[in-house]
Amino acid sequence: MPAPRTVLLTGAAGGLGTLMRDLLPAYGYRLRLLDLRPIEGEPDAVVADLADKDAVREAVRGVDAIIHLAGISLEAPFEKILKANIEGTYHLYEAAREEGVGRIVFASSNHAVGYTPRPRGTDPLIPIDTPRRPDTFYGLSKSFGEDLAQFYWDKHGLETVSVRIGSCFPEPTSVRMLSLWMSPADGARLLHASLTAENVGHTVVYGSSANTRLWWDLTTARALGYDPQDDSEPYAEKLIAEQGELQDGVEAHAYLGGQFVTDPPVWPY
Ligand code: NAI
Ligand code: 15L
């Protein structure tokens with residue numbers, strides 16, 4: 001597949017979308033932006049709800065690939081998750097199929113496997129084929145998204161890289177994030193690798209930097225050509241001094257999904 005040039009970025013007004021709007025053009029992409037919310041300084045951005053099939057189809061028309069970040073990014077009542085994340089992602093895949101778009105990079109999440117116990121001591125890294133164990137309705141929607149991606153590959157030949165993102169923020173802000181952090185620069189590297197690797201079919205990867213305290217196996221991400229350059233370790237001393245080490249016997253510390261297992265942050269809208 002030749003390197004895609006015009007890429008639809010859904011969720012472009014969000015935290016990750018804003019970071020990627022800054023970083024991805026340096027890789028040569030022309031971004032078409034879509035979000036429910038208008039984006040200041042971006043008058044050409046498509047302001048549309050994923051629920052609006054016609055608007056989604058129009059937004060998809062003519063692009064080479066899609067980075068799909070839009071949706072509810074925290075826990076919410078099932079009905080809201082159903083509309084935004086499940087039906088919305090279906091509308092996007094249908095539009096991509098109808099318009100002949102060859103590849104989607106899907107923002108899955110660690111919360112699709114959030115009930116996986118976190119590795120301790122000399123435990124092996126969590127493999128990419130670990131059974132899915134969603135920790136929330138949100139995580140369940142990401143699990144659905146991965147299945148949808150597999151189905152559209154098997155049935156229609158539409159390729160996807162599903163990236164189970166850890167925590168992509170400018171800096172890690174918790175001890176848990178020391179293991180899951182993906183620096184924005186590594187995030188852009190991974191998205192670029194996901195857009196350009198050949199013959200991905202449906203590939204599932206974990207999305208993080210090369211953290212010293214890594215919990216999961218980056219082999220499938222590296223196989224796409226991803227070469228992470230960052231490590232959360234410089235933040236470790238300060239975060240551990242402030243918050244303490246993760247404790248055995250504390251439920252919110254026991255699983256990959258952390259606090260999402262016990263007391264998930266709730267979507268505010
Ligand atoms: P965010 O909540 O900041 O951004 C999501 C964006 O999607 C918002 O701008 C929102 O307006 C838009 N959106 C929501 N529903 C929509 C709809 N029905 N139609 C159109 N747009 C809609 O989330 P963030 O942090 O930027 O995450 C982006 C994606 O990556 C999300 O899918 C999230 O689940 C996923 N992810 C992010 C992680 C992170 O560390 N930031 C970790 C794991 C997954
Ligand atoms: C996610 O899936 C969320 O979208 C993001 O806001 C973070 O909470 C992240 O997971 C995490 O687990 O840190």
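The values are calculated or read from the model by the stated rules, or taken from the named source; none is laboratory data. Bear in mind that the values here come from a model prediction, so they are computed numbers and not experimental data. Cβ sites come from the backbone with ideal geometry, for glycine too, and all protein chains shown count toward neighbours. To get the accessible areas, we keep the full protein, side chains included, count just its heavy atoms, and leave off ligands, DNA and RNA. Shrake-Rupley method; radii C 1.70, N 1.55, O 1.52, S 1.80 Å.
One table, with the values for the structure above:
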{"read-out": "Among the residues listed as SER179, SER183, the single one being of a type in the set (Gly, Ala, Ser) and either out of contact with any Asp or Glu (no Cβ under 8 Å at 6 or more places or on another chain) or buried (at least 24 other Cβ atoms within 10 Å of the Cβ) (or both)", "value": "SER179"}
{"read-out": "Residue count, the range 9-55 (criterion: farther than 14 Å from HIS68 by Cα, without any contact (Cβ under 8 Å) to a residue 24 or more places away in the chain and of a type in the set (Lys, Arg))", "value": "0"}
{"read-out": "The range 134-159 residues that are at pLDDT 95 or above, paired with ones that are among the polar types (S, T, N, Q) and open to solvent by 70 Å² or more (accessible area, probe 1.4 Å) (beta carbon under 9 Å, 6 or more apart)", "value": "GLU159/ASN199"}
{"read-out": "Test: residue in the range 209-227 that is out of contact with any strand residue (DSSP E or B) (no Cβ under 6 Å at 6 or more places or on another chain), of a type in the set (A, V, I, L, M, F, W, C), open to solvent by 30 Å² or more (accessible area, probe 1.4 Å) and part of a loop (DSSP other than H, G, I, E, B)", "value": "yes"}
{"read-out": "Qualifying residue in the range 189-208 (condition: among the polar types (S, T, N, Q) and at positive phi)", "value": "yes"}
{"read-out": "Restricting the range 187-205 to residues that are over 19 Å from LEU19 (Cα atoms) and in contact with a helix residue (DSSP H, G or I) (Cβ under 9 Å, 6 or more places away or on another chain), the residue that is surrounded by the fewest Cβ atoms within 10 Å (Cβ to Cβ)", "value": "GLY201"}
{"read-out": "ASP227 vs. criteria touching a Lys or Arg at 6+ places or on another chain (Cβ under 8 Å), modelled with pLDDT under 95, more than 16 Å from ligand 2 (Cβ to nearest atom) and among the charged types (D, E, K, R)", "value": "no"}
{"read-out": "Hits in the range 179-208 (condition: polar (S, T, N, Q) and either at pLDDT below 95 or in contact with a strand residue (DSSP E or B) (Cβ under 7 Å, 6 or more places away or on another chain) (or both))", "value": "SER194, THR203, SER208"}
{"read-out": "Pairs, first of a type in the set (Asp, Glu) in the range 166-181, second more than 9 Å from ligand 2 (Cβ to nearest atom) and not in a loop (DSSP other than H, G, I, E, B), C-beta under 9 Å, six or more apart", "value": "GLU171/TYR235"}
{"read-out": "Qualifying residue in the range 140-148 (condition: within 16 Å of ligand 2 (Cβ to nearest atom), open to solvent by 60 Å² or more (accessible area, probe 1.4 Å) and assigned to a helix (DSSP H, G or I))", "value": "yes"}
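A quick yes/no check of all residues on (1) at pLDDT below 95; (2) away from ligand 2 (no atom under 16 Å from the Cβ); (3) farther than 22 Å from THR160 by Cβ; (4) open to solvent by less than 50 Å² (accessible area, probe 1.4 Å):
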{"position": "GLY14", "(1), (2), (3), (4)": "no, no, no, yes"}
{"position": "GLY17", "(1), (2), (3), (4)": "no, no, no, yes"}
{"position": "PRO25", "(1), (2), (3), (4)": "no, yes, yes, no"}
{"position": "ARG30", "(1), (2), (3), (4)": "no, yes, no, no"}
{"position": "ILE39", "(1), (2), (3), (4)": "no, yes, yes, yes"}
{"position": "ALA59", "(1), (2), (3), (4)": "no, yes, no, yes"}
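Condition check ((1) assigned to a helix (DSSP H, G or I); (2) within 13 Å of ligand 2 (Cβ to nearest atom); (3) open to solvent by less than 20 Å² (accessible area, probe 1.4 Å)) across all residues:
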position	(1), (2), (3)
TYR93	yes, no, yes
SER108	no, yes, yes
ASP123	no, no, no
GLU171	no, yes, no
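Residues checked against (1) within 13 Å of ligand 2 (Cβ to nearest atom); (2) part of a strand (DSSP E or B):
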| position | (1), (2) |
| --- | --- |
| SER73 | yes, no |
| LEU82 | no, no |
| ILE104 | no, yes |
| LYS155 | no, no |
| VAL163 | yes, yes |
